[in-house]
1. Which is at pLDDT below 95 and closer than 22 Å to residue 295 by Cβ, of 146, 137?
2. Restricting the search to the stretch 237-274, which residues are under 16 Å from residue 306 (Cα atoms) and touching a helix residue (DSSP H, G or I) at 6+ places or on another chain (Cβ under 6 Å)?
3. Please work out if residue 274 is out of contact with any strand residue (DSSP E or B) (no Cβ under 6 Å at 6 or more places or on another chain), modelled with pLDDT of 95 or more and in the same structural domain as residue 199 (by TED's automatic domain parsing).
4. Under the condition of being under 25 Å from residue 227 (Cα atoms) and over 16 Å from the mean Cα position of the chain (by Cα), which residue from the stretch 255-291 is surrounded by the most Cβ atoms within 10 Å (Cβ to Cβ)?
């Protein structure tokens, strides 16, 4: 705790200088709460800032971890929305269940049971796609997975936009009719400009027959024009962990729900990396499997991965964070009921007589203002 306290004291001035670059008023609660959160993250993550050389102390905590850029003209509400999103939106795991699903079924299910708040997508691939007949083993496996609230996707390859769309739609239909999966995983997805409509049409067809989630796998970064063609895009499917700088850049202008990463040939699990990457992508998969078939066996890191992904704050925790960061009037404007508005310690909530807006003032001051008619207490 002494180390953390020293970090807070030494970096207070840097925090104030950082916030002066915003063209908006930032209340002290935002500064101090963010400072504490940043210091805690720095201490708990140890060497987490060293992956691509872009993290430089507190400044990078805000720009990288809370997705803020000091040159932007940001409102307080925008800052709070981004911060709350990072704390409340849970990342998850995307698991390939290729080959015989019974081999790894129990491991995936047990991971979900042990970590119920971590979303899991399981991708089935009966015959390099749906194949030409229904496989009863997969039918049973899908039902077991879905009974544990695991989302199941059916694998379809697309030959980077050159495969006949009628063939692809036939496989999509097979997955729905034979296995009643939740959605489709489009492999060999193009990232070349001009094929966006091809995938958007496949996405729309998938949704039109009763499935509700799609993932595309170009395996590398894509242009912004592909956002929205499918629900989620795997922007890294390669050996090793992608640098955080790959996940940064233009990607932070969009929700992290749009992106995922798959890493193979990783010989050592890195918990700190997962915690940071979870701020940037919705789903992750990390394995030590190697080419030519890194998905031949289940990742030995599955349990570690589930345990490392930050889980969401409870409703009460979210309220405490938000209300401690908001000024009284901003709490009120954001939808917090008057009787639920929280004041800083030592202050009392009053209602302005002129416009019935809330204010937090010292108790001795409130008595004077109430007597003069400027304010009234909440229960009067």
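The values are calculated or read from the model by the stated rules, or taken from the named source; none is laboratory data. If you're wondering where the values come from, they're calculated on a predicted model, not measured in any experiment. A quick note on method: Cβ atoms are made from the backbone with ideal geometry, for glycine too, and the neighbour counts reach across all protein chains shown.
1. Working: 146 fails: at pLDDT below 95.
Being at pLDDT below 95 and closer than 22 Å to residue 295 by Cβ holds for just one of 146, 137, which is 137.
2. If the condition is that a residue be under 16 Å from residue 306 (Cα atoms) and touching a helix residue (DSSP H, G or I) at 6+ places or on another chain (Cβ under 6 Å), then 269, 271, 272, 274 are the ones that fit.
3. Numbers: out of contact with any strand residue (DSSP E or B) (no Cβ under 6 Å at 6 or more places or on another chain): yes; modelled with pLDDT of 95 or more: yes; in the same structural domain as residue 199 (by TED's automatic domain parsing): yes.
Answer is yes for this residue.
4. Going through the qualifying residues, I end up with 286.
The rows are residues; the columns are (1) farther than 23 Å from residue 135 by Cα; (2) in contact with a strand residue (DSSP E or B) (Cβ under 7 Å, 6 or more places away or on another chain); (3) crowded, with 22+ Cβ neighbours inside 10 Å.
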{"site": "176", "(1), (2), (3)": "no, no, no"}
{"site": "194", "(1), (2), (3)": "yes, no, no"}
{"site": "198", "(1), (2), (3)": "yes, no, no"}
{"site": "213", "(1), (2), (3)": "no, yes, no"}
{"site": "237", "(1), (2), (3)": "yes, yes, no"}
{"site": "240", "(1), (2), (3)": "yes, yes, no"}
